[in-house]
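First the structure, in the form of structure tokens, and then the observations on it.
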Ligand SMILES: [Zn+2]
């Protein structure tokens, strides 16, 4: 190793420590204020995956494993009752204005697993349910995203945000909490600004999910 690569390795480890301290690498914290015990443990995959191709993939897998380990605590904290009415999460949008695009074809052979709520950039987005902030972070398709876990362990996924609200992972939210602002980050960068709203329902083992159409559950605030 020459002195330049030693120095850059040193700088990289300092940067990593700094990010870890600030929580930027993903907090993966238990739900705040909920004194609960994990009711189950999420199973490991049947087949061990091939070794990670690089350091970034290794870190991403570790991060996912930490989320998976904490998930049962969130399920215990939110309780078993699912939300059967979802107040529309984008300020000013009425149920009658939402075009139902559930299942519409999307690029790469995908289907639209959610609903799009169009509004100007910067319009506040409020949680459609009470629950706990599960994950805040950038994704390739979703851009800036927030995931909230609500009753019954349902995941509520808010994507393409221009910015996040003043929230942290593990925080309890209500239907008044601003979790972010409408934008067009991720694969929405060439579309008008909108919130992509996805709902994922726990399967039997509670640790894997199926997309659920939120359209019939929307109610005006
Ligand atoms: Zn969408």
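Read the figures in this text as sums done on the coordinates, not as results from a lab. Please read all numbers here as calculations on a predicted model, not as lab measurements.
For the chain, what's the relative contact order in percent, using C-alpha pairs closer than 8 Å and at least 6 residues apart?
Relative contact order for the chain comes out at 22 percent.
Mind checking the log10 I(q)/I(0) for the chain at q = 0.08, 0.09, 0.10 Å⁻¹? Debye, one equal scatterer per Cα, no solvent, two decimals.
At q = 0.08, 0.09, 0.10 Å⁻¹ the computed log10 ratios are -0.32, -0.40, -0.49.
Run the numbers on the range 121-221 and let me know its relative contact order in percent, using alpha-carbon pairs under 8 Å that are six or more apart.
29 percent
Take the Cα atoms of the range 101-221, build their convex hull, and give its volume per residue in Å³.
Cα-based convex hull of the range 101-221, divided per residue, equals 110 Å³.
Could you work out Rg/(2.2 N^0.38 Å) for the range 166-221, with Rg from alpha carbons only?
In units of the 2.2 N^0.38 Å rule of thumb, it is 1.41.
Based on Cα positions only, what radius of gyration and what Dmax would you give for the range 107-173, in angstroms?
12.4, 36
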